[in-house]
Amino acid sequence: MRTFDPDSSIVSDIIPSPNHGERNKGRQPDMIVLHYTGMPDVEGALARLCTAGTEVSAHYVVLEDGRIVQCVPEAKRAWHAGVSSWAGEDDINSCSIGIEIVNRGHDWGYPEFPLRQIAAVIALCRGIMLRRKVPAHRVLGHSDVAPARKKDPGEKFPWHSLANSGVGHWVTPAPVLRGESLMLGTISDEVLSLQQALAKYGYGVPLTGKYDAATMEVITAFQRHFRPARLDGVADHSTLSTLQALLASLPPEATAVASK
């Protein structure tokens with residue numbers, strides 16, 4: 001693949017990836033999905049994203065020092081999300097821009113994200129949101145769209161800092177307190193209401209009324225993003241209250257999309 005002009009003025013380098021295609025049915029991206037690379041070093045991560053045959057790519061890679069590499073033009077469909085869903089859509093690659101953030105991830109020690117790197121992520125996302133008219137609530141983590149498979153960018157990722165700059169949706173998490181909880185194995189109308197609330201927000205969760213393994217995985221993903229103080233997959237008062245506050249603060253058109 002020949003080189004291309006960067007879509008963002010803050011891109012420092014272009015390393016083209018052959019792993020991409022056309023967006024299905026001309027779908028225009030209106031979502032940003034954030035990942036971590038989850039590999040020991042940046043060289044290995046870039047090689048994997050930009051080598052033919054790996055079946056993986058992303059539009060952008062944000063290095064620890066804040067430099068930004070573009071690998072796939074925004075108009076193309078990068079292969080970053082895999083099997084995933086959000087708000088009723090299951091071809092997340094066609095509707096999103098994928099950003100890989102260099103971080104070794106949970107399997108390699110999971111370090112903190114440097115401030116320079118987060119500042120670059122914010123600047124990159126703000127530009128994409130303006131160009132592509134991406135609403136704040138559609139800036140998501142890989143774990144949100146693929147809760148059964150993925151943990152990235154993880155509980156150390158400073159979503160609150162992004163939201164303070166207009167990137168992503170956030171409310172202050174409700175405090176973790178002792179009290180009654182919904183947990184694995186519970187079957188009740190309250191569980192069904194929880195599943196409906198998660199689905200209304202956008203998560204892919206079965207509406208069964210049973211707190212099964214799939215529901216627990218979605219709750220864990222929700223906590224990893226929105227209530228990182230405790231990751232246990234248990235729908236306690238803090239988790240439920242934080243979810244309701246998020247739903248209440250969505251623009252009206254957002255829940256309409258999520259309810260389709």
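When restricted to residues that are open to solvent by less than 20 Å² (accessible area, probe 1.4 Å), assigned to a loop (DSSP other than H, G, I, E, B) and closer than 22 Å to residue 249 by Cβ, the stretch 123-152 contains 1. Across the stretch 153-167, the qualifying residues are those that are over 15 Å from residue 224 (Cβ atoms) and among the small types (Gly, Ala, Ser), and the one among them that is surrounded by the fewest Cβ atoms within 10 Å (Cβ to Cβ) is 166.
Could you look through the stretch 28-80, keep only residues that are of a type in the set (Ser, Thr, Tyr) and in a loop (DSSP other than H, G, I, E, B), and pick out the one that is nearest to residue 132 (Cα to Cα)? Looking at residues that are of a type in the set (Ser, Thr, Tyr) and in a loop (DSSP other than H, G, I, E, B), I get 57.
Checked against (1) within 26 Å of residue 163 (Cα to Cα); (2) open to solvent by 40 Å² or more (accessible area, probe 1.4 Å), residue 83 passes all but condition (1).
For residue 36, state whether it is in contact with a strand residue (DSSP E or B) (Cβ under 9 Å, 6 or more places away or on another chain), open to solvent by 20 Å² or more (accessible area, probe 1.4 Å) and assigned by the TED database to the domain that holds residue 125. Yes: the conditions hold for residue 36.
Check the stretch 152-175 and report whether any residue there is over 19 Å from the mean Cα position of the chain (by Cα) and modelled with pLDDT of 95 or more. Yes, the conditions are met somewhere in the stretch 152-175. Please go through the stretch 99-122 and pick out each residue that is under 21 Å from residue 8 (Cα atoms) and surrounded by 17 or more Cβ atoms within 10 Å (Cβ to Cβ). 99, 100, 101, 102, 117, 118, 120, 121, 122 - these are the residues of the stretch 99-122 that are under 21 Å from residue 8 (Cα atoms) and surrounded by 17 or more Cβ atoms within 10 Å (Cβ to Cβ). Considering the stretch 87-145 alone, what residues qualify as being farther than 25 Å from residue 48 by Cα, touching a helix residue (DSSP H, G or I) at 6+ places or on another chain (Cβ under 9 Å) and either of a type in the set (Asp, Glu) or touching a residue at least 60 places away in the same chain (Cβ under 8 Å) (or both)? Within the stretch 87-145, 87, 88, 89, 129, 134, 135, 137, 138 qualify.
Consider the stretch 198-224. How many of its residues are closer than 16 Å to residue 241 by Cα and open to solvent by 40 Å² or more (accessible area, probe 1.4 Å)? Count: 1. In the stretch 181-203, the residues that are over 12 Å from residue 216 (Cα atoms) reach residues that are at pLDDT below 95 and open to solvent by 50 Å² or more (accessible area, probe 1.4 Å) with C-beta atoms within less than 6 angstrom, at least six apart or across chains, in these pairs: 200/259.
The values are calculated or read from the model by the stated rules, or taken from the named source; none is laboratory data. Here the structure is a predicted model, which means the values were calculated and not measured. Neighbour counts are summed over all protein chains in view; Cβ atoms, including those assigned to glycine, are modelled from backbone coordinates with ideal geometry. Just the protein is used for accessible areas: all its heavy atoms, side chains included, with ligands, DNA and RNA removed. Shrake-Rupley method; radii C 1.70, N 1.55, O 1.52, S 1.80 Å.
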